[in-house]
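Structure record follows, encoded as structure tokens.
The values are calculated or read from the model by the stated rules, or taken from the named source; none is laboratory data. Remember, predicted model here, so these are calculated numbers, not experimental data. Here the Cβ positions follow ideal geometry from the backbone for every residue, glycine too, while neighbour counts run over all protein chains shown. Side chains included, ligands, DNA and RNA excluded: accessible areas come from the protein's heavy atoms. Shrake-Rupley method; radii C 1.70, N 1.55, O 1.52, S 1.80 Å.
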Amino acid sequence: MLAVALVPTAGCTHVNSPTETDVVVAASLELSGSAADLGTAYKRALDLRVAQINSAGLLGRRRISLRVRDNRSDPAIALTQITEFTGDPGVTAIITGACAECVTGAAKVINDGRLPTIALSPVAEVSTPLADRKYIFRLAPNVDDDASVLAGELARAGRRKVAFVSSDDAYGRGGAEALAREVTKIGAKVVAHGQYAPTDSDLNRAARAAIAGNPDAIVVWGYPPQAATAIGAVRDAGYRGQVYLDAGAAGELFLGGPFATTDGTALVFTQTLAIDDVIATTPAKAARRQWFQDYMSRYGTYHGHASFAADALQLIVNAVVKSGSVDGDTLRAVLETSQLDGLSGQIRLTPGNHSGFMPQSLTMLEARGGRWRLLG
């Protein structure tokens, strides 16, 4: 069982609920459509972490429960769901998935409803500007940090001509801008850029556009299923050079299907996907190893982004325990000063920064022997 230090619970002060009310966390996730891979991993992680929290009695006499809805990566559907959640006094907090537009489109509803929301999207605009995102927090690798770590590895490897393959959405465009800034700092340049729509299944045109620049490295920036397809497309097009992936591409531990022949592909992510290579020298590292084993035991595999959903839930639980309340304003204030050495890595939230994942928790991995390993 995952060990997490919590303070004892105190009396509840929620004006619409009785003392010691249960904690209901609503989730709007991508359980179908192009991002179903991520949404399913988030739901599995939430289900497992809820069972662990209730079994350990971390909330005292309270229990935590989930109310999950499939937003199908559709901002209109997400808005309807989030409006429903904010109108229900029994809902304590919201967790949303990778879809950035699903959160930004509902920002006013969330703020007006004064319901703390943790988004698992990597897009910065989800939690900024703070004046419009007072109740929204974000827990995912930051695009600028991804680009910085990737650029550092490109510099170490002597890569100076970089091509880019990315999704034509807020995430892909943000990544392209960030990477262009970072490669300039190392004396390299982006020589080509191929884009694909989030719904595309044929990425050959994007792959050919990237290869046309004669790069010595290609960076693929996108979510897991299409990132794997993009690798296959650049290889099919004849490219035999180094391929790098951003953190959003982290998916299953075992690299089957399109990933099966990509030994040497490099990925910026947390150590969780390569936890077998990590020595458990601290309680946090031991907890990550236990979480990995628990998830593997329950689901038969591991998905890289699962730990972010579990940490989002833990942040909410910690805030409830620390404050003794399920009141939205109270929980928001506690979340704004939260610190957690979590399953994904170090998390620090402040009143001036609602994006809490720390860059030092990112590292470089590589595909080797059919799974992810620490690079080097």
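The residue that is modelled with the lowest pLDDT, among those in region 57-70 that are open to solvent by 50 Å² or more (accessible area, probe 1.4 Å) and not in a strand (DSSP E or B), is Arg61.
Exactly one residue among Asp144, Asp202 is in contact with an Asp or Glu (Cβ under 9 Å, 6 or more places away or on another chain) and of a type outside the set (Gly, Ala, Ser), and that residue is Asp144.
Looking at (1) without any contact (Cβ under 8 Å) to a residue 60 or more places away in the chain; (2) surrounded by 18 or more Cβ atoms within 10 Å (Cβ to Cβ), which is the only condition Asp236 fails? That leaves (2) as the condition not met.
In this structure, Arg371 does not satisfy being under 22 Å from Asp22 (Cβ atoms) and open to solvent by 30 Å² or more (accessible area, probe 1.4 Å). Checked against the criterion of being out of contact with any helix residue (DSSP H, G or I) (no Cβ under 9 Å at 6 or more places or on another chain) and acidic (Asp, Glu), the candidates Glu153, Glu182 yield just one match: Glu153. Only a single criterion out of (1) at pLDDT 95 or above; (2) crowded, with 23+ Cβ neighbours inside 10 Å is not satisfied by Gly356, namely (1).
Within region 324-338, being of a type in the set (A, V, I, L, M, F, W, C), open to solvent by less than 10 Å² (accessible area, probe 1.4 Å) and over 21 Å from the mean Cα position of the chain (by Cα) holds for Val326, Leu331. Selection within region 9-45: residues that are within 15 Å of Asn318 (Cα to Cα) and modelled with pLDDT of 95 or more. The member of this set that is surrounded by the fewest Cβ atoms within 10 Å (Cβ to Cβ) is Val24. Of all residues in region 115-142, those satisfying the criterion of being in a helix (DSSP H, G or I) and either touching a Pro at 6+ places or on another chain (Cβ under 9 Å) or open to solvent by 10 Å² or more (accessible area, probe 1.4 Å) (or both) are Ala124, Glu125, Leu130, Ala131, Asp132. Scan region 180-203 for residues that are closer than 17 Å to Gln226 by Cβ and open to solvent by 40 Å² or more (accessible area, probe 1.4 Å) and the total you get is 7. Residues that are closer than 24 Å to Leu203 by Cα, over 20 Å from the mean Cα position of the chain (by Cα) and either in a helix (DSSP H, G or I) or not β-branched (Val, Ile, Thr) (or both) within region 160-171 comprise Lys161, Ala163, Phe164, listed in sequence order.
Scanning region 339-376 for residues that are within 19 Å of the chain's Cα centre (by Cα), part of a loop (DSSP other than H, G, I, E, B) and of a type outside the set (Ser, Thr, Tyr) yields Gly342, Leu343, Gly345, Leu349, His354, Gly356, Met358, Leu362.
Candidates Ala274, Ala309, Ala249: the one that is in contact (Cβ under 8 Å) with a residue 60 or more places away in the chain, within 15 Å of the chain's Cα centre (by Cα) and either surrounded by fewer than 17 Cβ atoms within 10 Å (Cβ to Cβ) or under 27 Å from Ser148 (Cα atoms) (or both) is Ala309.
Count of region 285-338 residues, restricted to those that are more than 30 Å from Pro224 (Cα to Cα), among the polar types (S, T, N, Q) and either in contact with a Leu (Cβ under 9 Å, 6 or more places away or on another chain) or in a loop (DSSP other than H, G, I, E, B) (or both), is 4. Listed conditions (1) within 30 Å of Thr104 (Cα to Cα); (2) crowded, with 17+ Cβ neighbours inside 10 Å; (3) not aliphatic (A, V, I, L, M) are all met by Glu177, apart from (2). Taken across region 282-295, residues that are open to solvent by less than 30 Å² (accessible area, probe 1.4 Å), at negative phi and polar (S, T, N, Q) do not occur at all. Might you check whether a residue that is basic (Lys, Arg), touching a residue at least 12 places away in the same chain (Cβ under 8 Å), assigned to a loop (DSSP other than H, G, I, E, B) and surrounded by fewer than 19 Cβ atoms within 10 Å (Cβ to Cβ) occurs anywhere in region 94-114? Yes, region 94-114 has at least one match.
For region 193-245, the set of residues classified as assigned to a loop (DSSP other than H, G, I, E, B) and among the basic types (Lys, Arg) consists of Arg240 only.
Exactly one of (1) open to solvent by less than 10 Å² (accessible area, probe 1.4 Å); (2) more than 27 Å from Ala26 (Cβ to Cβ) is unmet by Gly304. Its number? With respect to (1) open to solvent by less than 10 Å² (accessible area, probe 1.4 Å); (2) more than 27 Å from Ala26 (Cβ to Cβ), Gly304 is out only on (2). Quick check: anything in region 304-318 touching a helix residue (DSSP H, G or I) at 6+ places or on another chain (Cβ under 7 Å) and over 30 Å from Asp88 (Cα atoms)? Yes, region 304-318 contains a residue that is touching a helix residue (DSSP H, G or I) at 6+ places or on another chain (Cβ under 7 Å) and over 30 Å from Asp88 (Cα atoms).
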